[in-house]
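Working notes, structure below.
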Amino acid sequence: MTVVLPHQRPPAGFHIVDLFAGPGGLDMAATVLGVPSTGVEWDVNAVTTREAAGLATVHGDVRDYGPEDFPEANVLAGGPPCQSFTVAGSGAGRRALDDVLKFVQRLVDRDTRANVDADLAEMDDKRTGLVLEPLRWALNAVDSDDLDPYEAIVLEQVPAALPVWEAYGVALAAEGYSVAHGILQTEQFGVPQTRRRAILVARRNGRAAALPSPTHHRYRKGVPRPPHDLVLQSWVAMEDVLAERGGPFQVVSNYGTGGDPKLRGRRRSCEPAATVTGKVSRNRIVTDDAAEHDLPRLSLSEAGQLQTFPKRFPWSGGDISQQIGNAVPPRLGIHVLSTALGLAEPGKDTWRALADWSPRVRDGAEADTSH
């Protein structure tokens, strides 16, 4: 389902293919912007959510497809899994990252590209090769006699993926792309959560790539909430989006620093949430007073709202907390896509369309969103 704002024409000529699309954070961003998007996702739970939300989906393994299967797409997007090299302090993780960077160079060399698959099959962790798929798609489109290269490429992952995006940047620049990459802080884009993401944007045909500029202040622990000014708005707090919870509360992490349960992280409702992970349902919610009475834990809808999904987004299937934790915040996606595709800067109508979105089934009736 594509929603076009009343004042806005659909962006001409753009169609996204979204690899490793998850439950649909980037596709929701595209939907609100009026850009057609098709997601490729293998996880049945995420696919169930996407189908309930009416998002165009191909249920399958990204490695079984290529740009020739989506000839209408001229924008490549994705967030390939990077678990094999994102373990902090892990020697195995560092070695996996080194392997990925070597494979990037081999993909660029057309003489060695054909032999990459066999060597990837020998790796201990098969997920390591998945991070190479967007580059494979991009280079195959460049080399195709029947397809045009992608006009734009947008990639997102955890900060540990930045060295990969830097290597991608060198490879794509050699093929005529302008490339920008860096770490974005989600609370600086109106997401009520502190979350760092590594972003790559590439553009072709003489268009300069850029990352979006922050619209909100950065959150700093122990520093009073800054007011709006002429350039930046204040960061958004949990209580701003979870107003129905009523009085002040604290979120107590299920994990203690260094494994010590006495050192569990805490955020007050007047602050942004800490990074929403797949364990979000385990976080305790307590009153913000000395008594610390237990309150109901975050509902799936509330956890999704902290990721800026609409209140009525139809989370479905199993392992929903993990789906939510893995998702791209749609609000961040709107900022990134708007800048990457040269669209108008998002305004109040855009955010209203995201907040008011609700799923529709094919006959036009409203879908059941109760969970």
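The values are calculated or read from the model by the stated rules, or taken from the named source; none is laboratory data. Here the structure is a predicted model, which means the values were calculated and not measured. With ideal geometry, Cβ positions are generated from the backbone for all residues, glycine too; neighbour counts draw on all protein chains shown.
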Please state which of the following conditions Val191 fails to meet, knowing it meets all the rest: (1) in a loop (DSSP other than H, G, I, E, B); (2) of a type in the set (Val, Ile, Thr); (3) in contact with a strand residue (DSSP E or B) (Cβ under 6 Å, 6 or more places away or on another chain). (3)
May I ask you to list the residues in segment 48-65 that are closer than 14 Å to Arg360 by Cβ and out of contact with any strand residue (DSSP E or B) (no Cβ under 8 Å at 6 or more places or on another chain)? Ala52, Ala53
Exactly one condition in (1) among the aliphatic types (A, V, I, L, M); (2) closer than 16 Å to Ala198 by Cβ; (3) touching a strand residue (DSSP E or B) at 6+ places or on another chain (Cβ under 9 Å); (4) touching a residue at least 40 places away in the same chain (Cβ under 8 Å) is false for Ala167; which is it? (3)
Across segment 217-244, which residue is modelled with the lowest pLDDT among those that are closer than 22 Å to Val280 by Cα and of a type in the set (Gly, Ala, Ser)? Ala243
Whether any residue in segment 73-84 is small (Gly, Ala, Ser), at pLDDT below 95 and assigned to a helix (DSSP H, G or I) is what I want to check. yes
Cβ pairs under 7 Å, 6+ apart or interchain, first in segment 47-70 and assigned to a loop (DSSP other than H, G, I, E, B), second of a type in the set (A, V, I, L, M, F, W, C), ordered by first then second residue, are Gly54/Met1; Gly60/Val40; Gly60/Trp42; Asp61/Trp42; Tyr65/Val40; Gly66/Trp137; Phe70/Val17
Pairing a residue in segment 329-354 that is within 22 Å of Leu76 (Cα to Cα) with any residue that is outside any helix (DSSP H, G or I) and of a type in the set (Ser, Thr, Tyr), where Cβ atoms lie under 7 Å and the two sit 6 or more apart in sequence or on different chains, gives Pro329/Thr308; Pro330/Thr308; Arg331/Thr308
If you go through segment 8-30 one residue at a time, do you hit one that is more than 16 Å from the chain's Cα centre (by Cα), modelled with pLDDT of 95 or more, at negative phi and β-branched (Val, Ile, Thr)? no
Under 7 Å between Cβ atoms, which residue pairs at least 6 apart in sequence (or on different chains) link something in segment 220-238 that is in contact (Cβ under 8 Å) with a residue 60 or more places away in the chain with a partner that is hydroxyl-bearing (Ser, Thr, Tyr) and in a loop (DSSP other than H, G, I, E, B)? Met238/Ser269
Sort out which residues of segment 309-332 are under 11 Å from the mean Cα position of the chain (by Cα) and surrounded by fewer than 23 Cβ atoms within 10 Å (Cβ to Cβ), and write them in order of number. Gly325, Asn326
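Here is a yes/no grid of residues against (1) under 26 Å from Glu72 (Cα atoms); (2) surrounded by fewer than 17 Cβ atoms within 10 Å (Cβ to Cβ); (3) touching a His at 6+ places or on another chain (Cβ under 6 Å):
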site: Leu135; (1), (2), (3): yes, no, no
site: Ala141; (1), (2), (3): yes, no, no
site: Asp145; (1), (2), (3): yes, yes, no
site: Asp148; (1), (2), (3): yes, yes, no
site: Ala152; (1), (2), (3): yes, no, no
site: Ala173; (1), (2), (3): yes, yes, no
site: Gly176; (1), (2), (3): yes, yes, no
site: Glu187; (1), (2), (3): no, no, no
Would you check if Val201 is in contact with a strand residue (DSSP E or B) (Cβ under 8 Å, 6 or more places away or on another chain), free of Cβ contacts under 8 Å to residues at least 40 places away in the same chain and not in a loop (DSSP other than H, G, I, E, B)? no
Pick from segment 179-216, criterion out of contact with any Leu (no Cβ under 9 Å at 6 or more places or on another chain) and among the small types (Gly, Ala, Ser), ranking: modelled with the lowest pLDDT: Gly206
First in segment 278-298 and over 16 Å from Gly246 (Cα atoms) and in contact (Cβ under 8 Å) with a residue 40 or more places away in the chain, second anywhere and among the aromatic types (Phe, Trp, Tyr) and not in a helix (DSSP H, G or I), Cβ under 8 Å, 6 or more apart: Lys279/Tyr255
